1. What pairs can you find where one residue is in the range 163-182 and outside the structural domain of residue 73 (by TED's automatic domain parsing) and modelled with pLDDT under 95, the other is surrounded by fewer than 17 Cβ atoms within 10 Å (Cβ to Cβ) and in a loop (DSSP other than H, G, I, E, B), and their Cβ atoms are less than 6 Å apart, with a gap of 6+ or different chains?
2. Taking residue 79, is it in the same structural domain as residue 179 (by TED's automatic domain parsing), exposed (fewer than 15 other Cβ atoms within 10 Å of the Cβ), closer than 30 Å to residue 189 by Cβ and in contact with a helix residue (DSSP H, G or I) (Cβ under 8 Å, 6 or more places away or on another chain)?
3. Can you name every residue in the range 158-167 that is assigned to a helix (DSSP H, G or I) and under 16 Å from residue 64 (Cα atoms)?
4. When residues of the range 82-103 are filtered for being surrounded by 12 or more Cβ atoms within 10 Å (Cβ to Cβ) and within 30 Å of residue 181 (Cβ to Cβ), how many remain?
5. Residues that are touching a residue at least 40 places away in the same chain (Cβ under 8 Å), over 23 Å from residue 68 (Cα atoms) and surrounded by fewer than 19 Cβ atoms within 10 Å (Cβ to Cβ): does the range 115-126 have at least one?
6. Kindly list the number of the only condition in (1) touching a helix residue (DSSP H, G or I) at 6+ places or on another chain (Cβ under 6 Å); (2) at negative phi that fails for residue 150.
7. Suppose the filter is assigned to a loop (DSSP other than H, G, I, E, B) and either modelled with pLDDT of 95 or more or not assigned by TED's automatic domain parsing to the domain that holds residue 170 (or both); does residue 100 pass it?
8. Whether any residue in the range 150-157 is farther than 11 Å from residue 73 by Cα, touching a residue at least 40 places away in the same chain (Cβ under 8 Å) and in a helix (DSSP H, G or I) is what I want to check.
């Protein structure tokens, strides 16, 4: 059994047949345990190499993995939302106010005076449309958005909910990652 070393004696592979650049390892257990990045030390007196095995990567606790995976889904859900809406707290507040004004304007029977509906009036003026036309577009966009938002939120909560979400229900990290992958694919499809 042989370790393939680079010029700094760092393990870059392993082999069962010796060739140039490979050094013998004395036992099968060491050969099976070596990883790329382990360091071989040369003893010039004995003319032998010994390996300092690199520490195995730390294992992420399942609870930490679940939090990380849920954070990924939250970020993917936000990315999915941003395919349909404009980012920013101020923009969200504007959308909400415009929708409120559009609903109120429609409920009032589309009155001639739009002073009670300043966002609708401003948009109507800017676009050269009537306030009724703008209200109709705002309501239609809001209604379409509600359906999209519901789909996104259903996927997000189905994956991340602390009591019922598929990530938190997973018994191990691979199962949690599979749940994350399913949610990611669903969000990407929206």
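1. Taking only residues 6 or more apart or on different chains, not a single pair turns up.
2. Taking the combined requirement at face value, the residue satisfies it.
3. Listed by number, the residues that qualify are 159, 160, 166, 167.
4. Residues meeting the conditions: 3.
5. Filtering the range 115-126 for residues touching a residue at least 40 places away in the same chain (Cβ under 8 Å) gives none.
Within the range 115-126 (the criterion being touching a residue at least 40 places away in the same chain (Cβ under 8 Å), over 23 Å from residue 68 (Cα atoms) and surrounded by fewer than 19 Cβ atoms within 10 Å (Cβ to Cβ)), the answer is no, since none of the residues qualifies.
6. Every listed condition holds for residue 150 apart from (1).
7. Against the criterion (assigned to a loop (DSSP other than H, G, I, E, B) and either modelled with pLDDT of 95 or more or not assigned by TED's automatic domain parsing to the domain that holds residue 170 (or both)), residue 100 does not qualify.
8. Looking for residues that are farther than 11 Å from residue 73 by Cα, touching a residue at least 40 places away in the same chain (Cβ under 8 Å) and in a helix (DSSP H, G or I), one finds none in the range 150-157, hence no.
The values are calculated or read from the model by the stated rules, or taken from the named source; none is laboratory data. Only a predicted model underlies this, so the values are computations on that prediction, with no experimental measurement involved. Every residue, glycine among them, receives a Cβ derived from its backbone with ideal geometry; neighbour counts consider all protein chains shown.
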